[in-house]
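*Asks:* Take this structure, written in structure tokens, and hold onto it; I'll ask about it next.
The values are calculated or read from the model by the stated rules, or taken from the named source; none is laboratory data. Everything numeric here is computed off the predicted structure, so don't read it as measured data. Cβ: placed from backbone, ideal geometry, glycine included. Neighbour counts: every protein chain shown.
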Amino acid sequence: MQPIKKNSIVKDFASLGIKDSFIKGLDELGIKVPTEIQEQVIPILLKENTDLVGQAQTGTGKTAAYGLPLLAKVDPSIHLPQVLVLCPTRELSKQVAKQLFKFTKYTDKIFAEAVYGGEKIDKQIIALRRPTHIVVATPGRLIDLVKRKAVDIRQVHTVVMDEADEMLSMGFKKELDEILTMLSSVENKWLFSATLPQGIKQIINTHIRDGAYRIQVSGKNVVNQNIKHQYIQCEKTDKHLVLFQLLRNQKDKRGIIFCKTKAVTRTLTKQLIAKNFAADCIHGDLLQKERNKAMRAFKNEKVQFLVATDLAARGIDVQDLAFIYHYQLPDQVDYYTHRSGRTARAGKEGVSLCLITKNEMRELKKLENSLNIKFKQQW
């Protein structure tokens, strides 16, 4: 692979090669200065057909980093899918499709369709009959649609794997291998991941061409430098009381509270509501319409605090979240990176605070050593 050194500072998207029509759309979204990953990735992907591996945490602008170049490669006159974007969750799939649509406000019409499990497949088959240039999909649902001949992938020239490590952690390695094998001859394969566990390295070695570009931003462990990492030590039976006090001190600030299990997520949400906190939850046992309802309420600021499990919360992109609280520590180091990445987005600052018992101090030290961060005790 070709490692890329950081270029000199780029002040705007025009100097990266982005067309004025896209820049106008970016301006309306308040996106004016390229992030590090955008600065490094966009010129490469615009210049040539190539494979690329990009390592960057959530909240660094990966969607625009690959989205703007892939939009530039789409021919709007060809009303068949030309790009596949693979995502781990329905939430991220919908978010990516919506973002791509916003980028094209002042360009020729380019249509993206999000397809994912948990929704009636017949409805998605009907949607795909409309002109569709980009399919944003979870791996399992895409394979189902291909087998039903509901999506034509013969014109696909670009495959993007977004949050690839999470797709593996959700058990999609077999599906990824199948999809990438079907599309082995495509001109562009772009893989983006916050971390590169062994399973991702196997995907790279099997499906990414030798000589592919390799870009890594924000240092060795790609943890957002604008996040303050903190902890409070307390008894397990007192965690909910400490949390109540923390939330009362937040006034109008908003954030997400992460739990490890669905049962704790449900129980904690009920406790918060009983104490008159504006709270709701998302977890794997909820129906899709229930998850959508909770997310709409959170995004529309009708709900101040969202309680979530790791997998259910993947792909959440809500602006101006001040904090992430870890009511339970995650099972995997990678999950801490993804959890904390929900705050301090788009160059802003945020807090990631863990509620731990004395026995969990060892787990905190593991996070410090693995991610090259330092936790500061509060209280």
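*Asks:* Filter region 93-133 down to the residues that are of a type in the set (A, V, I, L, M) and in contact with a Ser or Thr (Cβ under 9 Å, 6 or more places away or on another chain), then identify the one that is farthest from Leu68 (Cα to Cα). Full working, then the answer.
*Replies:* So in region 93-133, the residues of a type in the set (A, V, I, L, M) come out as 96-97, 100, 110, 112, 114-115, 121, 125-128.
In the following step, the residues that additionally are in contact with a Ser or Thr (Cβ under 9 Å, 6 or more places away or on another chain) were identified as 96, 100, 110, 112, 114-115.
Details: Val96: 12, Leu100: 8, Ile110: 12, Ala112: 13, Ala114: 17, Val115: 21 Å.
The residue in question is Val115.
*Asks:* In this structure, does Gln155 turn out to be over 16 Å from Thr181 (Cα atoms) and modelled with pLDDT of 95 or more?
*Replies:* Judged against the criteria, Gln155 is not a match.
*Asks:* Turning to a different aspect of this structure: Could we say that Ser370 is among the hydroxyl-bearing types (Ser, Thr, Tyr) and within 16 Å of the chain's Cα centre (by Cα) here? Spell out how you get there, then give the answer.
*Replies:* Numbers: among the hydroxyl-bearing types (Ser, Thr, Tyr): yes; within 16 Å of the chain's Cα centre (by Cα): no.
Criteria not met by Ser370.
*Asks:* Confirm whether Leu243 is over 27 Å from Ser370 (Cα atoms), of a type in the set (A, V, I, L, M, F, W, C) and either part of a helix (DSSP H, G or I) or in contact with a helix residue (DSSP H, G or I) (Cβ under 9 Å, 6 or more places away or on another chain) (or both). I'd like the intermediate steps shown before the answer.
*Replies:* Numbers: over 27 Å from Ser370 (Cα atoms): no; of a type in the set (A, V, I, L, M, F, W, C): yes; either part of a helix (DSSP H, G or I) or in contact with a helix residue (DSSP H, G or I) (Cβ under 9 Å, 6 or more places away or on another chain) (or both): yes.
No.
*Asks:* Could you check region 275-379 for strands (runs of 3 or more DSSP E) lying wholly inside it with 1 or more residues that are among the aromatic types (Phe, Trp, Tyr)? Lay out the reasoning, then the answer.
*Replies:* Numbers: elements: 279-282, 305-308, 323-326, 350-356.
Filter on region 275-379 gives 305-308, 323-326.
*Asks:* If we keep just the residues of region 338-365 that are of a type in the set (D, E, K, R) and under 24 Å from the mean Cα position of the chain (by Cα), which is modelled with the lowest pLDDT?
*Replies:* Within region 338-365, the first condition is being of a type in the set (D, E, K, R), and the residues that meet it are 339, 342, 345, 348-349, 358, 360, 362-363, 365.
When the remaining residues are screened for being under 24 Å from the mean Cα position of the chain (by Cα), the result is 339, 342, 345, 348-349.
On the way: Arg339: 89, Arg342: 87, Arg345: 75, Lys348: 81, Glu349: 88.
Of everything passing the filter in region 338-365, Arg345 is modelled with the lowest pLDDT.
*Asks:* Sticking with this one: Could you look through region 46-83, keep only residues that are in contact with a strand residue (DSSP E or B) (Cβ under 8 Å, 6 or more places away or on another chain) and charged (D, E, K, R), and pick out the one that is surrounded by the most Cβ atoms within 10 Å (Cβ to Cβ)?
*Replies:* Lys62
*Asks:* I would also like to ask the following. Only one of (1) free of Cβ contacts under 8 Å to residues at least 40 places away in the same chain; (2) closer than 25 Å to Ser193 by Cβ; (3) of a type in the set (Val, Ile, Thr) is not met by Thr269, so which one is it?
*Replies:* Among (1) free of Cβ contacts under 8 Å to residues at least 40 places away in the same chain; (2) closer than 25 Å to Ser193 by Cβ; (3) of a type in the set (Val, Ile, Thr), Thr269 violates only (2).
*Asks:* Residue check: is Leu191 at pLDDT 95 or above, within 23 Å of Ile44 (Cβ to Cβ) and either small (Gly, Ala, Ser) or more than 21 Å from the chain's Cα centre (by Cα) (or both)? Before you say what the answer is, go through the steps one by one.
*Replies:* Working: at pLDDT 95 or above: yes; within 23 Å of Ile44 (Cβ to Cβ): yes; either small (Gly, Ala, Ser) or more than 21 Å from the chain's Cα centre (by Cα) (or both): no.
No, not satisfied.
*Asks:* Pick from region 85-122 the residues that are of a type in the set (A, V, I, L, M) and buried (at least 24 other Cβ atoms within 10 Å of the Cβ): which of them is nearest to the chain's Cα centre (by Cα)?
*Replies:* To start, the set of residues in region 85-122 that are of a type in the set (A, V, I, L, M) comprises 85-86, 92, 96-97, 100, 110, 112, 114-115, 121.
Those still in the list that are buried (at least 24 other Cβ atoms within 10 Å of the Cβ) too: 85-86, 92, 96, 100, 112, 114-115.
Details: Val85: 12, Leu86: 11, Leu92: 6, Val96: 9, Leu100: 14, Ala112: 17, Ala114: 15, Val115: 16 Å.
Filtering region 85-122 for residues that are of a type in the set (A, V, I, L, M) and buried (at least 24 other Cβ atoms within 10 Å of the Cβ), the one nearest to the chain's Cα centre (by Cα) comes out as Leu92.
*Asks:* If you don't mind, another one. Take the residues in region 178-218 that are polar (S, T, N, Q) and assigned to a strand (DSSP E or B), then tell me which one is surrounded by the most Cβ atoms within 10 Å (Cβ to Cβ). First the steps, then the outcome.
*Replies:* In the first step, residues of region 178-218 are kept if they are polar (S, T, N, Q); the result is 181, 184-185, 188, 193, 195, 198, 202, 205-206, 216, 218.
Filter once more, keeping what is assigned to a strand (DSSP E or B): 188, 193, 216.
Details: Asn188: 20, Ser193: 25, Gln216: 18.
Step by step, filter region 178-218, then rank; the result is Ser193.
*Asks:* Which condition number does Val333 fail, the rest of (1) surrounded by fewer than 19 Cβ atoms within 10 Å (Cβ to Cβ); (2) under 12 Å from Ile227 (Cβ atoms); (3) among the β-branched types (Val, Ile, Thr) being met?
*Replies:* Exception for Val333: condition (2).
*Asks:* May I pose another question? So, Gln304, is that one at pLDDT below 95 and assigned by TED's automatic domain parsing to the domain that holds Leu355 or not? Let's see the steps before the verdict.
*Replies:* Values: at pLDDT below 95: no; assigned by TED's automatic domain parsing to the domain that holds Leu355: yes.
Taking the combined requirement at face value, the residue does not satisfy it.
*Asks:* Another question about this same structure. Which residues, taken from region 151-170, are touching a Leu at 6+ places or on another chain (Cβ under 6 Å), in a loop (DSSP other than H, G, I, E, B) and hydrophobic (A, V, I, L, M, F, W, C)?
*Replies:* Those that are touching a Leu at 6+ places or on another chain (Cβ under 6 Å), in a loop (DSSP other than H, G, I, E, B) and hydrophobic (A, V, I, L, M, F, W, C): Val151, Val156.
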